[in-house]
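S.K.: Next up is a structure, given as structure tokens.
The values are calculated or read from the model by the stated rules, or taken from the named source; none is laboratory data. Note that the structure is a prediction, hence the values are computed from the model and not measured. Heads up, the Cβs are rebuilt from the backbone with ideal geometry, glycines too, and the neighbour counts pull from every protein chain shown.
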Amino acid sequence: MLPKESLLRAQEDLRRLVDIPSVSAREECLSECARAVRDLLAASGFETEICAGEIGPFVVGEIGDGPLTVIVYNHYDVQPEEPVSLWISPPFELSERDGRWYGRGVADDKGEFVSRLEGWRLFREQNPGPLPFRLIWLVDGEEEIGSPSLEVFLKTRFSGVNADICWWEYGEIDSSGRPIILCGFKGVMAVELRCRTARADLHSSLGAVFDNPLWRLAAATASLRDRTGRVLIDGFYDTIRQPTEQERDLAGEPPFSFDSLVQATGGQRVLNGTDKANFYAAMNFAPCMNVNGFSGGYMGEGAKTVLPAEGSVKIDFRLVPDQDPQRAVDLLRAHLDRHGFEDIELIAHDANVKPVRSATDHWFIQDAKVLLEKHFGQPAIVQPSSPASGTSHPFVEQLGATIVGIGLTHHGAMLHSPNENIIVKQFEAMITCSSAIFQKLAERANGIMPTETSPRDGVTP
């Protein structure tokens, strides 16, 4: 049972962080939020440092020494709050309704950070002596824009460090309340296509003569994917690593129903060929393409008969091992040229996040299964890969860490959307579970239990 004063302390910490509109896409309030995070870590016993990034500073907290090196990775930057009109309560204000806390960043990722930090405090209250393992807490200020500084930062700040575990910035809770351990993350490649066909907007009657940039963008976009979601770019699937038998078994029987996913998300139209039997395997193992938005022309009230001069479309691709984001950009450029869209400009906004997948039988994952079941009251799900992405590959490539996602983001959390939320009871459970995780790591470091592990799959070099 979580003490009431512990929950109130964590709530106030979360309120303080949510109040800060630390939107990295706008480079807003990042230093202010970094200082707030630094203060929380320092007050919790860590030696702290704020380190410069390209956009937002990194906050580092370090404590302890021993045979294990554990990295806890979080981020304090958040997505833009738009459209503000769809928020029921102010986005940068912690509010409570029906057992949930609402606010931008309350799940992604300030709530995850605070739940772990309060768990750490509870652990240290019971274990005030020297920490028998090295703990590095890294809080990123650029995660929501693809962590452009992270790879270089790790090379310089942690050169020579060998890490055993990287406790990733989030994990999941399904709609029935079962905790999900994420053993991998997809890569991502985000691009923008731009097309210009005139110096300025023209009268639409000239559409009988001149091409339309929005039509060209629509045609180019339509050429990239079929109705089943399969990407039609030549060579896109050539390097994909096939899942192991154990990974296929874990993804073969969905631990939550397709109907529950539909109910939690409100998703209504399913890709052709996707059904209740194969949706979970697709979430784990299938790359995908998403159109994020079109821009151009007239979208105001009423009609305006105009032939636009220019337009753009933003697209992202979720990638799986061993697809390389930079290679995917090259393949996309070749596809556009081959299909007569040489005039369309291709801008790569994010092509640095590689896919990662850890061994599902790692000792830390097995420990986490036991602890999550104890604190959430239901058996944990081991999921080979999240359908989402994160810049986790540098921790594997440079530090040798095993990436594991454990956290409290439920399937109706509305990440990156209006009315982002967490369930308070699950936040409480994650605090006590985090405390138990730190306790188990101390026991491992003290040699109470062995830490053997099978070779992990790692990441595409």
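S.K.: Kindly provide the set of residues from segment 297-350 that are surrounded by 19 or more Cβ atoms within 10 Å (Cβ to Cβ), part of a strand (DSSP E or B) and hydrophobic (A, V, I, L, M, F, W, C), ordered by number.
M.R.: Matches in segment 297-350: Leu307, Val313, Ile315, Phe317, Leu319.
S.K.: Determine, yes or no, whether Ile20 is in a loop (DSSP other than H, G, I, E, B) and within 22 Å of Leu150 (Cβ to Cβ). If you could, list the steps in order and put the result at the bottom.
M.R.: Values: in a loop (DSSP other than H, G, I, E, B): yes; within 22 Å of Leu150 (Cβ to Cβ): yes.
Yes.
S.K.: Could you name every one of the strands (runs of 3 or more DSSP E) located completely within segment 53-148 that has at least 1 residues being of a type outside the set (Gly, Ala, Ser) and under 21 Å from Ser31 (Cβ atoms)? Before you say what the answer is, go through the steps one by one.
M.R.: Values: elements: 58-63, 69-75, 95-97, 100-102, 134-140.
The strands (runs of 3 or more DSSP E) meeting that bar are 58-63, 69-75, 134-140.
S.K.: Just to be sure, is Val370 within 30 Å of Lys440 (Cα to Cα) and of a type outside the set (Lys, Arg)?
M.R.: Numbers: within 30 Å of Lys440 (Cα to Cα): yes; of a type outside the set (Lys, Arg): yes.
So Val370 passes the test.
S.K.: Looking only at segment 396-411, filter to residues that are outside any strand (DSSP E or B) and over 15 Å from the mean Cα position of the chain (by Cα); which one of those is nearest to Gln439 (Cα to Cα)? Full working, then the answer.
M.R.: Narrowing segment 396-411 to residues outside any strand (DSSP E or B): 396-401, 406-408, 411.
Add one more test, that the residue is over 15 Å from the mean Cα position of the chain (by Cα), and what stays is 396-401.
Details: Val396: 24, Glu397: 28, Gln398: 27, Leu399: 23, Gly400: 23, Ala401: 20 Å.
Restricting to residues being outside any strand (DSSP E or B) and over 15 Å from the mean Cα position of the chain (by Cα), the top hit is Ala401.
S.K.: Report the residue count in segment 201-249 for those that are surrounded by 14 or more Cβ atoms within 10 Å (Cβ to Cβ), assigned to a loop (DSSP other than H, G, I, E, B) and among the small types (Gly, Ala, Ser).
M.R.: 2
S.K.: Pick from Glu47, Glu125: which is in the same structural domain as Ala436 (by TED's automatic domain parsing), among the acidic types (Asp, Glu), surrounded by fewer than 22 Cβ atoms within 10 Å (Cβ to Cβ) and under 17 Å from Ile437 (Cβ atoms)? Step through it out loud before you land on a result.
M.R.: Details: Glu47 fails: under 17 Å from Ile437 (Cβ atoms).
Just one listed residue meets the conditions, Glu125.
S.K.: Got a number for residues in segment 253-293 being in contact with a helix residue (DSSP H, G or I) (Cβ under 7 Å, 6 or more places away or on another chain) and either of a type outside the set (A, V, I, L, M, F, W, C) or closer than 22 Å to Leu217 by Cα (or both)?
M.R.: The qualifying residues number 6.
S.K.: Here is a follow-up. Just the residues that are surrounded by fewer than 18 Cβ atoms within 10 Å (Cβ to Cβ), touching a Leu at 6+ places or on another chain (Cβ under 8 Å) and in the same structural domain as Phe341 (by TED's automatic domain parsing), please, taken from segment 259-296.
M.R.: Once the filter is applied, which keeps residues that are surrounded by fewer than 18 Cβ atoms within 10 Å (Cβ to Cβ), touching a Leu at 6+ places or on another chain (Cβ under 8 Å) and in the same structural domain as Phe341 (by TED's automatic domain parsing), segment 259-296 yields only Phe294.
S.K.: Still on this structure: Is it the case that segment 79-100 has a residue that's among the aromatic types (Phe, Trp, Tyr) and buried (at least 24 other Cβ atoms within 10 Å of the Cβ)? Full working, then the answer.
M.R.: Start the filter on segment 79-100 by keeping residues that are among the aromatic types (Phe, Trp, Tyr), which leaves 87, 92.
So of that shortlist, the ones also buried (at least 24 other Cβ atoms within 10 Å of the Cβ) come out as none.
Checked against the condition, which is being among the aromatic types (Phe, Trp, Tyr) and buried (at least 24 other Cβ atoms within 10 Å of the Cβ), segment 79-100 yields no hits at all.
S.K.: Name the residue, out of Ala42, Ala34, Ala10, that is buried (at least 19 other Cβ atoms within 10 Å of the Cβ) and either over 22 Å from the mean Cα position of the chain (by Cα) or outside any helix (DSSP H, G or I) (or both). Please lay out each step first, then the result.
M.R.: Details: Ala42 fails: buried (at least 19 other Cβ atoms within 10 Å of the Cβ); Ala34 fails: either over 22 Å from the mean Cα position of the chain (by Cα) or outside any helix (DSSP H, G or I) (or both).
The match here is Ala10.
S.K.: When you go through Ala163, Ala218 one by one, which is the residue that is over 20 Å from Ser385 (Cα atoms) and not assigned by TED's automatic domain parsing to the domain that holds Phe427?
M.R.: Numbers: Ala163 fails: not assigned by TED's automatic domain parsing to the domain that holds Phe427.
Exactly one residue qualifies, and that residue is Ala218.
S.K.: Any residue in segment 302-319 that's touching a residue at least 40 places away in the same chain (Cβ under 8 Å): show its pairings with residues that are among the acidic types (Asp, Glu) and surrounded by fewer than 21 Cβ atoms within 10 Å (Cβ to Cβ) at Cβ separation under 6 Å, as long as the two are six or more apart or on different chains.
M.R.: Val306/Asp201; Pro308/Asp201; Ala309/Asp201; Ser312/Glu192; Lys314/Glu192
S.K.: For segment 351-373, does any single residue satisfy the condition of being at pLDDT below 95 and farther than 27 Å from Asp164 by Cα?
M.R.: no
S.K.: Just the residues that are closer than 23 Å to Ile145 by Cβ and in contact with a Gly (Cβ under 7 Å, 6 or more places away or on another chain), please, taken from segment 35-54.
M.R.: Residues satisfying the conditions are Leu41, Gly53.
S.K.: Right, something else. What residue, among those in segment 137-148 that are farther than 14 Å from Ser22 by Cα and at pLDDT below 95, is surrounded by the fewest Cβ atoms within 10 Å (Cβ to Cβ)? Break it down into steps so the answer makes sense when it comes.
M.R.: Initial filter on segment 137-148 (farther than 14 Å from Ser22 by Cα): 137-138, 146-148.
Narrowing the set further to residues that are at pLDDT below 95 leaves 146-148.
Values: Gly146: 20, Ser147: 28, Pro148: 17.
Filtering segment 137-148 for residues that are farther than 14 Å from Ser22 by Cα and at pLDDT below 95, the one surrounded by the fewest Cβ atoms within 10 Å (Cβ to Cβ) comes out as Pro148.
S.K.: Which residue is nearest to Arg194 (Cα to Cα), if the candidates are limited to segment 317-346 and must be acidic (Asp, Glu) and within 26 Å of the chain's Cα centre (by Cα)?
M.R.: Start the filter on segment 317-346 by keeping residues that are acidic (Asp, Glu), which leaves 322, 324, 330, 337, 342-343, 345.
Filter again for within 26 Å of the chain's Cα centre (by Cα), leaving 322, 324, 330.
Details: Asp322: 29, Asp324: 23, Asp330: 16 Å.
Among those that are acidic (Asp, Glu) and within 26 Å of the chain's Cα centre (by Cα), it is Asp330.
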